[in-house]
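For reference, the structure is listed below as structure tokens.
The values are calculated or read from the model by the stated rules, or taken from the named source; none is laboratory data. Please read all numbers here as calculations on a predicted model, not as lab measurements. Using ideal geometry, Cβ is built from the backbone for each residue, glycine included, and neighbour counts are taken over all protein chains shown.
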Amino acid sequence: MPLALFWGCAEEYYSLDDYSIVKKTDIHVHINQPNSAIAQQALEDNFRLINVNVDIYFPDYSIEVQREAAVAVKENFPENTAWLTAFSMAGWDNYDTWLENTLAYLDESFEQGAIGIKIWKNIGMEFQDEQGEFIMIDHPGFDPIFEYLIENNKPVLGHLGEPREAWLPLEEMKMHQGYFSRNPQYHMYLHPEYPSYESIMESRDNRLDKHPDLVFVGAHLGSMEWSLDVMSEHLDRYPNVAIEMAARMRHIYFEAKQDWEKTRDFFITYQDQLIYSTDLTENPGADPEQAAARAHSVWLQDWEFFVTNNTMEESGIDGEFSGLQLPVKVVNKLFSENAEKWFPPLNEL
Ligand SMILES: [Zn+2]
């Protein structure tokens, strides 16, 4: 661990070689394969993982199937995995029964070892009630769920909304053309009658305003990936909220290329509210060698970016950018300490 002089004061930095000796955490992966190659690689790479269930409408991956998988992964990798449960919107129109079933499902999940829950973009972007109304996250029907989570000290990972590019035509997108060309159902430019980006962000903020005690992490840079300033305002306004960067590292690379100093300052200023994550996914049938190799290369590349000032390149980013070379203290928070703060059971791993 070299000691360097930085603006007159001694700062310690990690090196690329410190990668495997530093304990790290990735709080957003989707592993539905009990003999997970990613979890095995994580053991070798000194990573703890939070395996995330999601209320995706796809019969092979119902939340029940995902929960079973998460429990099995946890059994196979007790020392470096934890998992988040999710609830289903199915049955919402029969509200009282939905609420009862949902609370029971969550209860059961926590008994089975879930350490928190994930809410997903289907709320606000997909699910509509019988009247065809989109149910937003600030809908009072969710109040008892959030009150239950607060009472039971359960953190929420909230993926609400999409990258703001989702509201643009494909040809104007810089980062997410691939995903939205494959998933037109979430390409909001094609659905002008759906809720706007702004209304989704507003509904999230209304929910956060209502529950200052809610333990909340905004997934995917809180869908504010397009602006360090907007993320800063949000983190200032909600000092108890953190954001993670799953599947949005390219936006950070892009910012570093545009304005390295501003990007580095952002990570230093908000060092207590930023958590590392990737969105790596492993489903049954995935090639284990490929899954492990990809996980290792994603983690190592992000480590290089955060701890060194190496010149780097990434597909989709036009030109080179430099790593942020964050101080050891900041890297430790980003890769572990903040994750432990928002998801305290990680302390036992
Ligand atoms: Zn995800």
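So that you can scan it fast, the table gives a plain yes or no per residue for (1) of a type in the set (Asp, Glu); (2) closer than 18 Å to Asn80 by Cβ:
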| residue | (1), (2) |
| --- | --- |
| Trp303 | no, yes |
| Glu320 | yes, no |
| Lys329 | no, no |
| Lys333 | no, no |
| Ala339 | no, yes |
| Pro345 | no, yes |
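The set of residues in region 283-297 that are more than 15 Å from Ser20 (Cβ to Cβ), surrounded by 15 or more Cβ atoms within 10 Å (Cβ to Cβ) and modelled with pLDDT of 95 or more comprises Pro288, Ala291, Arg294.
Kindly evaluate Lys121 against the criterion of being surrounded by fewer than 17 Cβ atoms within 10 Å (Cβ to Cβ) and under 19 Å from Leu221 (Cα atoms).
Against the criterion (surrounded by fewer than 17 Cβ atoms within 10 Å (Cβ to Cβ) and under 19 Å from Leu221 (Cα atoms)), Lys121 does not qualify.
Please determine whether any residue of region 299-315 is touching a residue at least 12 places away in the same chain (Cβ under 8 Å) and small (Gly, Ala, Ser). Scanning region 299-315, I find no residue that is touching a residue at least 12 places away in the same chain (Cβ under 8 Å) and small (Gly, Ala, Ser), so the answer is no. Just checking, does region 334-348 include any residue being closer than 19 Å to Ala219 by Cα, not hydroxyl-bearing (Ser, Thr, Tyr) and not in a helix (DSSP H, G or I)? Looking through region 334-348, at least one residue is closer than 19 Å to Ala219 by Cα, not hydroxyl-bearing (Ser, Thr, Tyr) and not in a helix (DSSP H, G or I).
Before we move on, is Met188 crowded, with 20+ Cβ neighbours inside 10 Å, modelled with pLDDT of 95 or more and more than 16 Å from the ligand (Cβ to nearest atom)? Taking the combined requirement at face value, the residue does not satisfy it. Put simply, of Glu193, Glu162 the only residue that is under 17 Å from the mean Cα position of the chain (by Cα), at pLDDT below 95 and not in a helix (DSSP H, G or I) is Glu162.
Please go through (1) modelled with pLDDT under 95; (2) closer than 19 Å to Asp45 by Cβ for Val328 and return the number of the only condition it doesn't satisfy. In the conditions (1) modelled with pLDDT under 95; (2) closer than 19 Å to Asp45 by Cβ, Val328 misses (1) alone. Residue-level check: of (1) surrounded by fewer than 20 Cβ atoms within 10 Å (Cβ to Cβ); (2) modelled with pLDDT of 95 or more; (3) not polar (S, T, N, Q), Leu349 misses just (2).
Scanning region 241-288 for residues that are under 16 Å from the mean Cα position of the chain (by Cα), more than 16 Å from the ligand (Cβ to nearest atom) and of a type in the set (S, T, N, Q) returns a single hit, Gln273.
Okay, residues lined up against (1) closer than 27 Å to Thr281 by Cβ; (2) acidic (Asp, Glu):
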{"position": "Glu108", "(1), (2)": "yes, yes"}
{"position": "Ile117", "(1), (2)": "yes, no"}
{"position": "Met125", "(1), (2)": "yes, no"}
{"position": "Asp138", "(1), (2)": "no, yes"}
{"position": "Phe146", "(1), (2)": "no, no"}
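Which residue is nearest to the ligand (Cβ to nearest atom), if the candidates are limited to region 32-46 and must be surrounded by 24 or more Cβ atoms within 10 Å (Cβ to Cβ) and either basic (Lys, Arg) or in a helix (DSSP H, G or I) (or both)? Once the filter is applied, the top-ranked residue is Ile38. Taken as a whole, the structure places Leu149 among residues that are over 17 Å from the mean Cα position of the chain (by Cα) and touching a residue at least 12 places away in the same chain (Cβ under 8 Å).
Listed here are the residues, each with its yes/no results for (1) surrounded by 14 or more Cβ atoms within 10 Å (Cβ to Cβ); (2) more than 16 Å from the ligand (Cβ to nearest atom); (3) β-branched (Val, Ile, Thr); (4) modelled with pLDDT under 95.
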| residue | (1), (2), (3), (4) |
| --- | --- |
| Pro2 | no, yes, no, yes |
| Phe6 | no, yes, no, yes |
| Tyr13 | yes, yes, no, no |
| His30 | yes, no, no, no |
| Arg48 | yes, yes, no, no |
| Ile56 | yes, no, yes, yes |
| Glu75 | no, yes, no, no |
| Thr81 | yes, no, yes, no |
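State all residues of region 85-109 that are in a helix (DSSP H, G or I) and either surrounded by fewer than 16 Cβ atoms within 10 Å (Cβ to Cβ) or charged (D, E, K, R) (or both); if no residue qualifies, say none. Matches in region 85-109: Tyr95, Asp96, Thr97, Glu100, Asn101, Leu103, Ala104, Asp107, Glu108.
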